[in-house]
Amino acid sequence: MRNEIIPTVFAYKKKEFVKRFRILSRISNKLHVDFMDGKLVKNKGVALKDVPPLSRKIDFEAHLMVRNPRPWVAKCKKKGFKKIMFHYEATKTGIKMQKMIDLIHKHKMKAFLTFNPETGIKKVVESVNKVEGLDGI
């Protein structure tokens, strides 16, 4: 396996997002898009509805920095995302994490777990050890 650099399309406002999206989608075959709800993290970013139609030629991944990621999964699939990254802090328990992984896989996408640096790795590892099917951390 080789290392890859996947550019992030990050913006607080739609106009700024669309401009960055257009530039990056011309130069990379993979793009990472951050979504923030202002609840799980302090900031609030561009809305999913503001993402332009996704090209099938590019692998898009959604990083859901949101308190309740479940409703986002079907919408991300419909939009064309192939990978969902959700936060440990939004699920915290093995059961909730497993339900999230199962939902993502049901929609034929890859499931990845992320966590905030302030969260103790020991807590994350304990929860991860209780789940199956996680595609990556």
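Observations on the structure shown:
- Residue-averaged [θ]222 nm for the chain, counting only DSSP H segments that reach four residues, each worth -39500 (n - 2.57): -10500 deg cm²/dmol
- Overall form of region 25-112 per C-alpha gyration tensor (a/c, 1.5; a/b vs b/c): oblate
- With a cut-off of 13 Å between beta carbons, the residues surrounding V128 carry a summed charge of +2, where Lys and Arg count +1 and Asp and Glu -1.
- Ligands, DNA and RNA left out, the accessible area of the chain computed with a 1.4 Å probe is 53% carbon and sulfur.
- Think of a 1.4 Å ball rolled over the protein heavy atoms: the chain then has 64 Å² of accessible area per residue.
- When peptides 104-115, 122-133 are ranked by their average number of other Cβ atoms within 10 Å per residue, the highest-first order is 104-115, 122-133.
- Net charge over other residues, Cβ less than 10 angstrom from the Cβ of T8 (K, R count +1; D, E count -1): -1
The values are calculated or read from the model by the stated rules, or taken from the named source; none is laboratory data. Small disclaimer: the values here were computed from a predicted structure and weren't measured. Neighbour counts run over all protein chains shown; Cβ positions are idealised from the backbone, glycine included. Just so you know, the surface numbers come from the protein's heavy atoms only, side chains and all, with ligands and any DNA or RNA stripped out. Shrake-Rupley method; radii C 1.70, N 1.55, O 1.52, S 1.80 Å.
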